[in-house]
Amino acid sequence: MTERFLKNRRGVLEPRERAVLEQAIAEVRSVPARTTLTRIGDRLSHSTLLLEGFLCRIVDDRKGLRQLVAVHVPGEFVDLHGYPLKTLDHDVASLTAATIAIVPHAALDRITEEMPALTRKLWYATLLDAAIHRAWLFRLGRLDATGRVAHFLSETNARLAAVGLSDGRRFALGISQAELAEICGLTSVHVNRVMRQLREDGLCVFRYAQVDILDSAGLAERGEFDPEYLYLQGPQLAARRRVG
């Protein structure tokens, strides 16, 4: 169940560490699409490892309009930062049907007390989260509409390729244009125009919940995407450098 956690990252788990993490899982749940798992301020007693599907973190403005501040792919902890914080400053919800693993904080207590190397790797996972957040801030603050979408699609392709869910050219992305707009700080109408432009420029096509990247280097250049902040290793890093 944990084979995708930190896969093709620089903090890869040793077999014993992976076995301990799997033993820490108390429950596996199936979650329908568009379901809120945790609300802002909820008291937490566990953290969630995403096994299948896509989850997101959401912040609402005073009018109830959503901003998606993170999207998680399989193999990622969604709320490991909730272990020391005990509450979150955002909601967690499913974008697609998903499978999640529940890791009680009591089990994380034992890991931190008994396995310092694995503890550092869990900490490493939260630092990866922070690196992705910084890239999202750059995307929203400095890129135009087309650049934002191109950056997100390039990043998602790299993250999915690392866990074997993209061949570098094609991947499933079961989100709507409205949700893509909420990720990129745009309107649905604007996203529709951007996707048409990317298609006409021969960079990528997004239809029927599938992304086909026609020119990965061109898409990365249009989105000013540099994969260094994802801390990939091995063949995945080499592949990203070739198209960078």
Somewhere in region 194-204, is a residue under 15 Å from the mean Cα position of the chain (by Cα) and either farther than 24 Å from Leu230 by Cβ or open to solvent by less than 30 Å² (accessible area, probe 1.4 Å) (or both)? no
Residue satisfying all of: in region 121-168; of a type in the set (Lys, Arg) and more than 19 Å from Gly53 (Cα to Cα); most open to solvent (accessible area, probe 1.4 Å) among these: Arg142
Taking interchain pairs and intrachain pairs at least six residues apart, which have beta carbon atoms under 7 angstrom, with the first residue in region 20-31 and surrounded by 12 or more Cβ atoms within 10 Å (Cβ to Cβ) and the second part of a strand (DSSP E or B) and among the small types (Gly, Ala, Ser)? Ile25/Ala101; Val28/Ala101; Val31/Ser94; Val31/Ala98
Within region 9-43, can you find the residues that are over 18 Å from Ile111 (Cα atoms) and in a loop (DSSP other than H, G, I, E, B)? Arg10, Pro32, Ala33, Arg34, Thr35, Arg39, Ile40, Gly41, Asp42, Arg43
Return the pairs, sorted by first residue and then second, in which the second residue is among the β-branched types (Val, Ile, Thr) and surrounded by 15 or more Cβ atoms within 10 Å (Cβ to Cβ), the first residue lies in region 113-139 and is touching a residue at least 12 places away in the same chain (Cβ under 8 Å) and under 21 Å from Arg4 (Cβ atoms), the beta carbons are less than 7 Å apart, and the residues are 6+ apart or on different chains. Met115/Val20; Leu118/Val20; Leu118/Ile111
Identify the residue in region 67-91 that is touching a residue at least 24 places away in the same chain (Cβ under 8 Å) and part of a strand (DSSP E or B) and, among all such residues, is most open to solvent (accessible area, probe 1.4 Å). Gln67
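The values are calculated or read from the model by the stated rules, or taken from the named source; none is laboratory data. These figures come from a predicted structure and were not determined experimentally. Methodologically, a virtual Cβ is constructed for each residue, glycine included, from the backbone with ideal geometry; neighbour enumeration extends over all protein chains shown. Just so you know, the surface numbers come from the protein's heavy atoms only, side chains and all, with ligands and any DNA or RNA stripped out. Shrake-Rupley method; radii C 1.70, N 1.55, O 1.52, S 1.80 Å.
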